[in-house]
Each structure stands twice: as C-alpha cells, then as structure tokens.
Amino acid sequence: MTHLFDDPDDFAAAALHGFCDIHARLVRATPGGVLRATKTEPGKVALVIGGGSGHYPAFAGYVGPGFADAAVAGDVFASPSTRLVHDVAAKAHRGGGVILGYGNYAGDVLNFGAAAERLRSGGIDARTLAITDDVASASAEEMPKRRGVAGDVAVFKIAGAAAEAGLSLDAVERVARLANDRTRSFGVAFGGCTLPGADGPLFTVPHGRMAIGLGIHGEPGIAESPILPAADLAALLVDRLVQEAPEGAGQRVAVILNGLGSTKQEELFVLWTSVAAKLKAHGLVAVAPLVGEYVTSLDMEGCSLTLTWLNDELEGFWLAPCDTAVLAVGRIDAEPADIDALTAEVVDAPIAPGSAESQADGQRIAAGFARLAAALKDAEAELGRIDAQAGDGDHGQGMARGSAAGAAAAQRAAEAGAGAASVLAAAANAWADRAGGTSGAIWGLGLLAASRALTDQTSADGAAVAKAARQALDSVLTLGRARPGDKTLVDAFVPFVDALGAAMAAGEALPRAWAAGAAAAEQGAEGTKQLIPRLGRARPLAERSLGHPDAGAVSFALCSRVVLEFMGETDV
C-alpha cells in the first residue's frame, strides 16, 4: 500500500520536489522534470529520458554526468505532456541534438514523438528512442510492439555514455538502437501496486501464486503459477531470456536483477546466486551486474531480469563512468552548471500578424473551437461512460479539458492578430498540454499537423482544409501506429478524410464535402461496436468492449458533426 502522501493528485510533483532537494548536487528542478546540474560541453548530444512517475529511480534518478542530461516526469503511470517533453528537452539541448528515450507505451510514443516534431520545427535535431525489451508483451515476430521495462536502464546507460564520450547524434542513436535490439527483460509479480489514495491494488495475485510477464503500470501479467523456489524462478527467468538471445550475440551480458518496489534486497541477493549459476550454465559471462531497485512500480511485489548482450563497443559504454543519484560508476569530475541557464523559462515565439484574410479565418477557427469545447463539455459524462467499458473512463474528461484549453489559446491568438495557421497551432499545443494522456497527444498532434497545411497569409479554402485533414491523419497514423480495425479514433478518422477528399475532388463545396466526411465518421464510429481493441490499455479487456463503440471514434464523429453545424451558421 502507498501510505505517505498529502493530496494524492500532488504525489508525483511532491516526490519530485523532495528528490531535487536531496540531490541538488546532481539535478535542478524544471517544470515537468529535472535537468543535469553540472556543466556539459557545447555541442554534446543531450539524452532526455522520461515517462510516468511511480517508477523511481526511473527516470530522474539517472540524470547526471555520464548518463542522462534531463528527465521528464508525468503523473503516476501517465505520460508527460508534449509541451513538458519539449520544454525540458529544449533546456537540455547544448547544440548537438537530442535523443528522447522512453518506454514503448502509447502515450509516451505520441507525446515524445510530437515533442520531437516541435523541436525539429524549432531548429533542434531530435530523435526518438522507444525501448522494447519486455519479451512477455509481444512475440519475437512483433518486437516493435513490446513494452519498455527495466531494459530502459541498460539502454539509457549505454546511450548516455556514448553521448558523454562526444559521439555525434547519428552515432549515439546507432549505439542506442543497437543496445535496445540486444536487450531482453522478463519478470514476475507476487502482488499488485496501489496508486496513492486508492483503496486497493490495481490487481491481485492469489495467495501462494505469482503473475508471470507483468508490466510496470499495474498490468497483471500473461499467466499465473505457484510461487517457485529461488533456484526454479532463476531458471524460469534466465531460460526465457536466453531463448530470445539476438543472433550472433556472444557470451558477455550486462545484467540487471530488478526489484519492483516491495521485494527486499536480501531476497534479490538470494535469487542472484541462482541467476548467476544459471547464466554460467548457459555459457554467459555477467559484466558488472546490478542487483537492486532500478525500475519499480510503486509498491509492487516482484522482480525482473534484464540481459543486454554486449559487443566490445557496448561493453565499453556499459562500464563507462557515470554519477547519478542511484548509480555511480568510476569517477567523473564535473563543475556546477550556470543555475540561471537551467531555470530560464522557455518562451514561446511572439505571434506575427497574419493577413486580413487569414486573420478572419483565424477568428472563425477560434469561434469553432469555442463551439467544440461547449459540445465536448456537454458530452463529457457520456464519453466517460463509453470509455469505461474497456478503459479507465477518463476520455470525456480529457476531451473536455483539452478542447477548453484549445479554445482559450485559439481565442488569445486570434485576438493578437494571428492568421489561421498560428491560431490552429496554438489550439493544438494547448489541447495536448491540458488534456494529457493518449487522446490529448493524438488531438494535439493531428491539429498541429493540420496547421502546417495552412498559412498566415492566404485564405484557408476548401483545398487547404482537405489537405490539412489528410496531413493530420497521416501524422496520427505515423506516430500513433493505429490502423483501421484496431478500435480507435482512426476508425472514424480514416473514412472522414477519405470521404472529404473524394467530395472535394468531385467538385463539391467545402460544407457539402465536410458533410460527407462527417457522415462517414459517424458510420465508422458506429462500426467500432463490432471490433475488439488491438492496441493500448483497452486490449487486455477486449471482450468487455465488444458491442460498445470506441470512445475516441465517437468523440471524433461528434467533433466533425459540431464543425459541420458551425459551418452552416457561418459564411464558409
């Protein structure tokens, strides 16, 4: 049970504040995360890591010389917003580009990916690195779908050392991807974790049994078995990973035996003796093994084993010096950084006035967002009810929050004289930052991509709107990775864009073309009732969702209908 907190909603922020106070020699607080408090060489590649809170020492515990330059922290088990990732990374940048590292979870993929796009649009070369080490979460044939668990530590340690050594952005990315490709993890749980303020754990395991193949966000695992003696558990963990050894991997491995929050260090030491023996029996040599808590899940009872098959290059970086709150290897002498540079706010670029035509379009966009926000507020409870069939029930809240923030930002930009592109971009960023979660990232990403099809100097005609819709869809498909049939927003989005584009190509005026798109979106959303989720956190509860529509598809269809009604009341 997680006992020590004041306001449960402030748990993550309060914990981060305390961490920064204790480890002020190494880190400085910044909105949404921490920055390295020591000087770095100009031109150095910045490694920025992050994800949800609740996994300490991941991720803030690995910020320091020889490791990460910054960490971004979301709420407990929730991805940080696109804006927070962008701002922390922009502060960490020293001229050599940025690697954004995170576990392969839908919200993180979207928010870190969208942040990378924002960084690149601002002139900072940013690359993304999704860790995919968990062998229990997908088959070897679908490795890109695997989750990131304790393998994060091995990959980030190697990548951080490569950056500290002065390698170029391309070289650091190559080394990091090689380390990820050679890293495998597998774990078990004896009991679930409890969120701050919750009445009970996210899952339970029957007495005397263990969950096999757990996740680190309260996912219960893929199977159960009786709790095994240490020697048998070691065999289960090691044998499963050795089965997945990369081709031509060799015998030398970095090893992390990781406690998940409540498994005591002495238990891990007992387990380690059998793990070490089993590794030796397989002909493997453990290189600088780590035993302790490295990626936790609040108070979860359990452990995981991570192996990274090393070559000479990777081993050198695995053994390279680092100095962090949790892991210190060798010795690094580093001077304190300029505190003013660390704490300076990231200031948005001033809005340049648009042409008279584009300003008028911007004002219509702002008014349309106000209408959307009102409609989504009215639909908040119903969208939450639909989402609760196989999700956590927060979709309506996120859509209401995001659209309200987007409407306010659009209005401010329009009042400042912004053109259509800038008004839409302002709404996109605010929506993503306030809504949070996967849906917030998707809407922010799509709207931002749409804004790039418009300008601040010309009128947004029907052709521009159709192009904007297509660019928004392409961006969501690329970063979100959902496809029609996965039971997501995409099942309404794809038919909307296809119908809109076809009507425009046939010579229809924009309102009639939009009406065709809205009708197709409604039909697509209705069709999700017969689908089973294939992505995200709804997947484990797939059968429960059969017969119910997807909340994301329903909210998209609703938005398309609201915009159509707005078009009918304005001169479009």
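The values are calculated or read from the model by the stated rules, or taken from the named source; none is laboratory data. Computed from a predicted structure; not experimentally measured. Every residue, glycine as well, gets a Cβ built from its backbone with ideal geometry; the counts of neighbours run over all protein chains shown.
Side notes on the structure shown:
- Candidates A29, A15: the one that is under 21 Å from the mean Cα position of the chain (by Cα), surrounded by fewer than 24 Cβ atoms within 10 Å (Cβ to Cβ) and in a strand (DSSP E or B) is A29.
- Filter result for L445 (among the aliphatic types (A, V, I, L, M), within 16 Å of the chain's Cα centre (by Cα) and modelled with pLDDT of 90 or more): no
- Filtered residues of segment 478-517 (kept if among the hydrophobic types (A, V, I, L, M, F, W, C) and either closer than 21 Å to G113 by Cα or under 30 Å from the mean Cα position of the chain (by Cα) (or both)): L479, A482, L489, V490, A492, F493, V494, F496, V497
- Of the strands (runs of 3 or more DSSP E) that lie entirely inside segment 194-289, those containing 3 or more residues that are within 26 Å of W318 (Cα to Cα) and either in contact with a helix residue (DSSP H, G or I) (Cβ under 9 Å, 6 or more places away or on another chain) or assigned by TED's automatic domain parsing to the domain that holds A179 (or both) span 252-259.
- Residue match in segment 553-565 (condition: on the phi < 0 side of the Ramachandran plot, under 22 Å from the mean Cα position of the chain (by Cα), among the charged types (D, E, K, R) and crowded, with 17+ Cβ neighbours inside 10 Å): no
- Subset of segment 422-474 that is part of a helix (DSSP H, G or I) and basic (K, R) - its residue that is farthest from G113 (Cα to Cα): K467
- W309 in contact with a Lys or Arg (Cβ under 7 Å, 6 or more places away or on another chain), in the same structural domain as V205 (by TED's automatic domain parsing) and surrounded by 17 or more Cβ atoms within 10 Å (Cβ to Cβ): yes
- Residue within segment 77-87 that is closer than 23 Å to D333 by Cα and either in the same structural domain as A435 (by TED's automatic domain parsing) or in a helix (DSSP H, G or I) (or both) present: no
- Filter result for E543 (in a helix (DSSP H, G or I), among the charged types (D, E, K, R), farther than 18 Å from S439 by Cβ and at pLDDT 90 or above): no
- Search result, residues across segment 229-252 that are within 15 Å of T273 (Cβ to Cβ) and either among the acidic types (D, E) or out of contact with any Ser or Thr (no Cβ under 6 Å at 6 or more places or on another chain) (or both): P229, D232, L233, A235, L237, V238
- Some residue of segment 312-322 being at pLDDT below 95 and either surrounded by fewer than 21 Cβ atoms within 10 Å (Cβ to Cβ) or at positive phi (or both): no
- Screening S274 against (1) hydroxyl-bearing (S, T, Y); (2) modelled with pLDDT of 95 or more; (3) in contact with a Cys (Cβ under 8 Å, 6 or more places away or on another chain) leaves a single unmet condition, (3).
- A90 vs. criteria assigned by TED's automatic domain parsing to the domain that holds A245, in contact with a Leu (Cβ under 9 Å, 6 or more places away or on another chain) and of a type in the set (G, A, S): yes
- Boolean, D69 is touching a Gly at 6+ places or on another chain (Cβ under 7 Å) and either over 16 Å from T438 (Cβ atoms) or free of Cβ contacts under 8 Å to residues at least 24 places away in the same chain (or both): no
- Count of residues meeting criterion [surrounded by fewer than 24 Cβ atoms within 10 Å (Cβ to Cβ) and of a type in the set (V, I, T)] in segment 424-461: 2
- Summed over segment 94-128, residues that are more than 16 Å from A68 (Cα to Cα), at pLDDT 90 or above, of a type in the set (G, A, S) and over 14 Å from the mean Cα position of the chain (by Cα) total 1.
- Taken over segment 491-513, the criterion of being closer than 14 Å to A525 by Cα and either outside any helix (DSSP H, G or I) or without any contact (Cβ under 8 Å) to a residue 60 or more places away in the chain (or both) is satisfied by V494, P495, V497.
- Selection status of G43, part of a loop (DSSP other than H, G, I, E, B) and more than 21 Å from the chain's Cα centre (by Cα): yes
- Top-ranked residue of segment 164-189 - restricted to ones that are over 22 Å from the mean Cα position of the chain (by Cα) and farther than 19 Å from I256 by Cα, ranked as surrounded by the most Cβ atoms within 10 Å (Cβ to Cβ): E164
- Subset of segment 195-209 [closer than 25 Å to I131 by Cα and out of contact with any Cys (no Cβ under 9 Å at 6 or more places or on another chain)]: L195
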